[in-house]
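Novice: Pasting a structure here, questions to come.
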Amino acid sequence: MLKKSLEGLPAWAQKLAHAYFSRTVCTFVLHGAVKDLHPLGVKAEGANAQHSYGPLSTFLAQGLFAGRDHLLSYNRSSGIRALDGKSLVDVSKTMSAYDAVHGTQFAHALPKEPGKAFQVLENFLRLRIGERKSAALVIDFAETLVPASDAASLSSEDRFLLVTLLRWAADPQFLAADLSIVLVCESLADISARLVKNPYVTTVELSLPDEAERRRFLQHKLAGRKMTSLAEVGLDACIKLTSGLSCLHLERLFSLSENRSQKISLVALKEAKKEAIAAQCQGLLEFVEPPFGLSAVAGHEAAKEMLLGTAKALKKGMTEVLPMGYLVAGPVGTGKTYMVQCFAGEVGIPCVKFLNFRSQWQGATEGNLERIFGVLKALWPVAVVVDEADAFLGNRDASGDSGTSSRVFASMASFMGDTQYRGKIIWFLLTCRPDKLPIDLKRQGRAEEHLALFHPETAEEKNALYAAMCKKLKLDIEVKDFAQLCADKTFSGADIEALLVRAQFGAATQGRSKVSKADLLGVLEDFIPPSYPLEMELQNLVAVQECTRRSLLPKAYADMDRSQLATRIHNLRLLLGESR
């Protein structure tokens, strides 16, 4: 019977309902996409059935708590309000008796101040549940009432509100009654951990809409029309392209199209998605759209073959055979970032790059990470790039910031290791010093496959890299055998690009648009690449040490004795003054 009554509700609402019907909890914290639009119900039956949508407060009033006798809401700005349009009058009448006893004036003007408002709400709720009435209280912007902070930093009002909510959560009278207290906030990290972790409080995450939910919403917007009446792509393609967007974003996007009487182009749709995700993440993620596939990568044939296999499996939906993530190691300038971006372009999936999500304010860093995780779960399948991972992610032993770094590391490790996202969120940890990356992140179950990239050594590899850089810079030089010009030198991809740019600059200063062989020879003769022999050797050797496949290593490294390798790495660290 319960299962049937919950049919049609969003997954988060079903979770809340199941927890409520257990009769062991009456306080809930809703977090995540709380500002999105939610399905309110079906207007018609059968083939003409159409969902209507509205904000969370309307969904709670008309959907989840529609059968309650009293529906109230509270926030610092609006004070006490009725979600059902009638309960506020009953509150004022009820407070008349309270005013007569305590000499207050609450019946004439309900207070907005949290301390007094909570006093009014508690008295009203106790009276009504004593009469066996049902009630629900929605507290919006909960982070402004019980913010995340150390107990010593809380004001007297904050402490009062925290204790009051904790007391309500465990109150036997409230638990036994038909009562729900719902606190709403965007980020769980913004409110008191004592409240969130209390055993009498259940946290419920509102995720961004998945494919099925986006399909229902778009069908609601179309109202029987074809998608091609609003956009240049069909419904299925539009659903795929809008992964990571909320229903509110979709509403604005298609309403704008209707108002302008102009179809949404494929380019406009991608650009709108990029802007929406950037705004949603508040600059915490960079959305990368790679224009090339893996065929644009020069060299690294064994690594490309492995990633091509991953791409084929992903296209066929064989997510269960895919690794959770990759550790891509190698010296600077070997094209680690470019290869991963080309992998995303090969599969045709979104690629996002982590930016700095850390903040000086307490709780903000954890909140930023929570927001990022929410977007990643909605974007899947998605490739996530963490550049300079050894420095960016930190480690479990970090100190000096009140434990923020260690908590961030633990959250990241936990999320990366969640196997429900296998093949959906593919992690790429890029670093030239994989030895500095904590074992927790590069073990099996997280960054499972370790790839090693190296500078080109053979003539074929050098010429292939040279040709790729010419294509990238749109240069046509009459030099076909670049390796012959630099037979005794080792250049990285970054070095070759720098050489070509210098040759192009030299031609431009002479008023020529075409770069000649003489220009390139002159630059080669004059060019002195940065030389850090010990650092480069160390970066090469630690990449060899971390690589999990012998087939990815050049022959000289593949046959290297492991004990000698470890000894040489240790000696190089000592020579460079490193402690480990």
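The values are calculated or read from the model by the stated rules, or taken from the named source; none is laboratory data. This one's a predicted model, so the numbers in the text were calculated from it and none came from an experiment. Cβ: placed from backbone, ideal geometry, glycine included. Neighbour counts: every protein chain shown. What goes into the accessible areas is simple: the full protein's heavy atoms, side chains included, and nothing from ligands, DNA or RNA. Shrake-Rupley method; radii C 1.70, N 1.55, O 1.52, S 1.80 Å.
Novice: Would you calculate a helix-derived [θ] at 222 nm for the chain, using -39,500 (n - 2.57) for each DSSP H run of n ≥ 4 and dividing by the full residue count, to the nearest 500?
Specialist: About -14000 deg cm²/dmol.
Novice: Now, a different point. Return the sequence-ordered ³J(HN,Hα) values of the stretch 146-153 in whole Hz as given by the Karplus equation 6.51 cos²θ - 1.76 cosθ + 1.60 applied to θ = phi - 60°, using x for Gly and Pro.
Specialist: Calculated HN-Hα couplings, in order: 10, x, 6, 5, 5, 4, 5, 8 Hz.
Novice: Moving on. Once Rh is set to the Kirkwood radius over Cα pairs, what Stokes-Einstein translational diffusion coefficient, in µm²/s, holds for the stretch 110-214 at a temperature of 25 °C and a viscosity of 0.890 mPa s? Mind dumping the intermediate values first?
Specialist: Details: Rh = 15.0 Å.
Rounded to a whole number, D works out at 163 µm²/s.
Novice: Same structure, new question: Based on the Cα coordinates of the chain, what is the per residue volume of their convex hull in Å³?
Specialist: Here the figure is 211 Å³ per residue.
Novice: Measure of size requested: the Rg and Dmax of the stretch 400-529, with Cα atoms as the atom set and Å as the unit; please supply both.
Specialist: Calculated on Cα positions, Rg and Dmax stand at 21.7, 60 Å.
Novice: Another question, if that's okay. So what's the convex hull volume per residue for the Cα atoms of the stretch 404-467, in Å³?
Specialist: 131
Novice: For the stretch 365-488, give the magnitude of the charge dipole about the Cα centre (Cβ charges: +1 Lys/Arg, -1 Asp/Glu; no others), in debye to the nearest 20.
Specialist: Details: 16 positive and 19 negative charges, 109 e Å.
That gives the stretch 365-488 a dipole magnitude of about 520 debye.
Novice: Report the relative contact order of the chain, percent, no decimals, based on alpha-carbon pairs under 8 angstrom and at least 6 residues apart.
Specialist: Contact order relative to length: 12 percent.
Novice: Measuring with a 1.4 Å probe in the full set of protein chains, what accessible area per residue, in whole Å², belongs to the chain? Intermediate results must be reported in sequence, preceding the final value.
Specialist: Details: 27830 Å² over 580 residues.
That works out to 48 Å² per residue.
Novice: Among DSSP beta bridges whose residues both lie in the chain, state the antiparallel percentage, nearest 5.
Specialist: Antiparallel: roughly 25 percent of the beta bridges in the chain.
Novice: So if I place +1 on the C-beta of Lys and Arg and -1 on the C-beta of Asp and Glu, and nothing else carries charge, what would the dipole magnitude of the stretch 256-338 be about its Cα centre? I want it in debye, nearest 20.
Specialist: Charge dipole, the stretch 256-338, about its Cα centre: 200 debye, nearest 20.
Novice: How high is the relative contact order of the stretch 120-223, in percent, with contacts defined as C-alpha pairs under 8 Å that are six or more residues apart?
Specialist: It comes to 33 percent, rounded to a whole number.
Novice: Right, another one. Non-local amide H neighbours of ILE139 (under 5 Å, H modeled in plane, Pro and chain starts lacking H): which ones?
Specialist: Close amide H contacts, sequence-distant or interchain: TYR74, VAL182, LEU183, VAL184.
Novice: Rounded to a whole number, what % of the accessible area of the stretch 58-163 do carbon and sulfur atoms account for, probe 1.4 Å?
Specialist: Within the stretch 58-163, the accessible surface is 51 percent carbon and sulfur.
Novice: Run down the aspartates and glutamates and flag those whose C-alpha is under 14 Å from the C-alpha of LYS263, throwing out any fewer than 8 positions away in its chain.
Specialist: Result set, ordered by chain and number: GLU232.
Novice: Right, another one. Mind checking the dipole of the chain: about its Cα centre, +1 per Lys or Arg Cβ, -1 per Asp or Glu Cβ, Debye to the nearest 20?
Specialist: 1520
Novice: Of LEU37, HIS450, VAL542, which is farthest towards the positive pole of the chain's charge dipole, taken about the Cα centre with +1 and -1 on the beta-carbons of Lys, Arg and Asp, Glu respectively?
Specialist: Result: LEU37, furthest along the dipole toward the positive end.
Novice: Right, here's the next one. Given a 1.4 Å probe and every protein chain left where it sits, what share in percent of the accessible area of the stretch 298-383 is carbon and sulfur?
Specialist: 55
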